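The values are calculated or read from the model by the stated rules, or taken from the named source; none is laboratory data. Because the structure is predicted, anything quoted here is derived from the model rather than measured. Every residue, glycine among them, receives a Cβ derived from its backbone with ideal geometry; neighbour counts consider all protein chains shown. Quick note on the areas: whole protein, heavy atoms, side chains included, nothing else; ligands and nucleic acids left out. Shrake-Rupley method; radii C 1.70, N 1.55, O 1.52, S 1.80 Å.
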Amino acid sequence: MSWDILIKNIKGLAQVRDQNVAVVAGRAMAVLPSIPNSYLAMKDGIIADFGSMDNLLFQHATQTIDASGCFVLPSFVDSHTHLVFAASREEEFVMKIQGISYAEIAAKGGGILNSARRLQQASEEELYDSALKRAHEIMQTGTGAVEIKSGYGLTTKDELKMLRVAKRIGRDTPLTVKTTFLGAHAVPQDISKEEYIAVILNEMIPAIAHEELADYIDVFCEQGFFTPDETERIVEEGKRFGMKPRIHANQLHRSGGVQVGVKTKAISVDHLENIGEEEIMALKHSEVMPTALPGAAFFLGLPFPPARQIIDAGLPMAIASDYNPGSSPCGNMPLMIALACIRMKITPEEAFNAATINTAFALELQQTHGSITRGKVANVLITKPIPSISYIPYAFGSYLVSKVILNGKVL
Ligand code: NIG
Ligand code: FE
């Protein structure tokens, strides 16, 4: 018997959970269990063993990595992205700099509708090629599992095209991919909202379910987009076809998104820039994962979600990138963690828990991802030599990942 990979002399092996922990909430989020001066062994793509260097007796491995001075963490789970898109939107970025708001740009046919026009013109191959580049980019910054949404197709054919591309990314790369149908992202210009909702309910959901293209269903519940009642109708129909809800909630207004997420038993409610006591109380009586997307709040200059209040209320919290061309053109999870610490005043330990265990739970990957636990998928990252784990968000923007191992293979 021999291990495939042995990492030894690790300065700190972080997010070690001997017994699988599904969610960390409230005060428990402040604890990131770690083993100093440690080793980690992998076999057949699975975490086989770990512990203190003092207890490392068996040393036979095909590949041995010396991680002196470095930290090892489970790879990040990014539970909210729009990774498949046809074109960037830096013209709108410049408009926003000049003072035009995201909502104004959207109302003029920019925003999501702009991305939809470009995506409708792109072939499946073109979309795949650009999405594959982004997939490689996020793996380099330590992401090992990712959720990818549709929502820039806005016709049945184009929504299917997006989801097929997302599925292919999961097959062709070491990333674990979960897919979400977000037909209710915006209303196309040539059709009324009622007509479009009928298309979503009667055409899109059955077609997507038939090809088994989506694990989840999402709605942009927001003023000017979809109301809570419309959201409920759409996600309930998705549920009938086996897609569990996750909701774009309370990004621009107190839209009722959180309440409808709780009511429909959503897996997660994401964004949360505009929530208060009432939404936090609603979440307390639910199993829904509150998810902050600090990249979007930062990029759009919105207030950040009240993460401190959420955690202090005893709730769990997750952090994802929202990687998309309009509101967060960035899938860099270490940077999201930095933004969360700097702007939402959560500690590095809370932020790492939010971006690993809790996002794994939000993608129903808690059995296989999100922590260093025997039997879980061997998805880890090795940092460059750094003084501590807190150095990662502190030195925001520095590239501190030296190696990524996914499914037991070094990238
Ligand atoms: O999560 N808010 C809605 N959807 C995306 C942005 C979409 C876009 O602007 O293209 C988001 O922020
Ligand atoms: Fe989003």
Relative to the compact-globule estimate 2.2 N^0.38 Å (N residues), the Cα gyration radius of the range 77-362 stands at a ratio of 0.91
The lysines whose Cα lies under 25 Å from the Cα of K263, excluding any fewer than 8 residues away in the same chain, are K149, K178, K193, K239, K244, K284
What the Cα atoms of the range 44-168 span along the principal axes, largest first and in whole Å, is 66, 35, 19
Averaged per residue, the 1.4 Å probe accessible area of the range 77-362, protein heavy atoms only, in Å², is roughly 35 Å²
Taking Cα pairs closer than 8 Å and at least 6 residues apart, the relative contact order of the chain in percent is 22 percent
Treating only Lys and Arg (+1) and Asp and Glu (-1) as charged, each at its beta carbon, one finds that the chain has a dipole about its Cα centre, in Debye to the nearest 20, of 900 debye
Relative contact order as a percentage, the range 185-241, C-alpha pairs under 8 Å and 6+ apart, gives 41 percent
Length-normalised contact order of the range 1-68, Cα under 8 Å, at least 6 apart, in percent, tallies to 50 percent
With only helices counted (DSSP H, runs n ≥ 4, each -39500 (n - 2.57)), the per-residue ellipticity at 222 nm for the chain, to the nearest 500, works out to -9500 deg cm²/dmol
Stretched fully, the stretch from Q367 through Q223 gains (0.36 nm per residue minus C-alpha distance, one decimal, in nm) 48.1 nm
Ordering 123-136, 290-303 by per-residue average of other C-beta atoms within 10 angstrom, highest first, gives 290-303, 123-136
Within the range 333-355, the residues whose backbone N lies under 12 Å from a label point placed 7 Å from the Cα of Y394 along the Cα-to-Cβ direction are 348
A 1.4 Å probe over the protein heavy atoms gives the range 60-167 a carbon and sulfur accessible-area percentage of 55 percent
Expected sort for 16-26, 370-380 on mean C-beta neighbours within 10 Å, highest first, is 370-380, 16-26
Of 44-51, 75-82, ordering from highest average Cβ density within 10 Å down gives 75-82, 44-51
Here the tail fraction of P(r) beyond 18 Å, over all Cα-Cα pairs of the range 285-382, rounds in percent to 46 percent
In whole angstrom, the spacing between the Cα centers of the range 236-300 and the range 1-74 equals 34 Å
